[in-house]
């Protein structure tokens, strides 16, 4: 049995997502379990170098998790041949330039989404990576959530029959920061800093829809900034310039209609912060982050609309939970292990920078659709191909 160390540059791990999901629950967890089992008796052990702008935070993370490599100098980390992977979870406005620098240094690329602040930039990254011959991947964590994996199990089993529609509800109330501290950083509400719920969430909805239900063919959306004024981390009041809610309809290539609401200005009265309801000819299901429940055709109640009579059906009691039947690990950790195997032994990995560009494409089209108040087609994307949308009015 052999153990192979693999050097990983982790840029931006001092941020909330970088620290919690990518460092602690992924790379540190993989190291604590003894590395990635390659299936032939060999082990792949991540050897991270923490990179960021705040020396104090880097030192603290290094000491807490026993990681002896850190630096505020990205160029220095890229020059070290031991480091073969560059990972980026910085704020979106910093990502494109850093990834270009890493590609030029011949590093394999793994990064958060959106991969750039524009579709043009995202496609450029995909092209550069392809030309350099470096492996590349983009975080698509929602696909590996237990609830979504159970939903995929139902789809693969043919449970739904013909899928008719998908309804997704995402969001929660993010406090304004005046009397309670906001749960999201203030840059999320500044368009000039790369903020906005469309840019943040539409890349997620793209890969969820594409990989579970069918490629997105067209969309219509309406975005809003419901909370106009917020208070930042230093207690300063600022004007929100980015959208905090989006209401969209997607037409998929197979005729499935997906209705997706995203909001940071909604109070939750549902099973989870994200719920996905799928309705088909043979049955329906509702998935959250961890759980999934079903209602088969033969178990569907027969309600009758009559506002003059009190409803006697307990609709919530008519659903059956899908059992776990397997051990579900952290969604980010699962994909990290897959990408590490992809780099080390060329195992399959479908979620590359072009897939990331598709997410940015949907975000741009969502904003354009809202501005122009019309349906837009979603053209096929190719590396080096066109990036402009073709619009149409639905009939």
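No lab work stands behind these numbers, since they all come straight from the coordinates. Note that this is a predicted model, so its numbers are computed, not measured. Using ideal geometry, Cβ is built from the backbone for each residue, glycine included, and neighbour counts are taken over all protein chains shown.
As a rough guide to protection, the peptides 363-373, 64-74 ranked by mean Cβ packing within 10 Å, highest first, stand as 363-373, 64-74.
Principal semi-axes of the equivalent ellipsoid, √(5λ) from the alpha carbon gyration tensor of segment 225-285, are 34, 15, 7 Å from largest down. Based on the Kirkwood approach, the hydrodynamic radius assigned to the chain is 22.5 Å, with every pair of different Cα atoms included.
Its residues counted as N, segment 302-352 yields a C-alpha radius of gyration over 2.2 N^0.38 Å of 2.31. Between the Cα long axis of helix 55-65 and the first principal axis of the chain there is an angle of about 80°, rounded to the nearest 10. Taking every alpha-carbon pair within segment 124-260, the share separated by more than 22 Å comes to 53 percent. Exposure proxy for 155, 103: other Cβ atoms within 10 Å of each Cβ, ordered fewest to most, give 155, 103. Where the centre of each part is set by its Cα atoms, how far does segment 317-341 sit from segment 98-128, in angstrom? Here the two parts' Cα centres lie 28 Å apart. Each 5 Å bin from zero up to the one holding the largest Cα-Cα distance in segment 104-160 carries the following percent of pairs: 4, 16, 18, 16, 12, 10, 13, 8, 2, 1.
Find the Cα radius of gyration of segment 1-62, compare it with 2.2 N^0.38 Å by division, and give the number to two decimals. Don't jump to the answer; show the numbers that get you there.
Values: Rg = 12.8 Å, N = 62, 2.2 N^0.38 = 10.6 Å.
Here the Cα radius of gyration is 1.21 times the empirical estimate.
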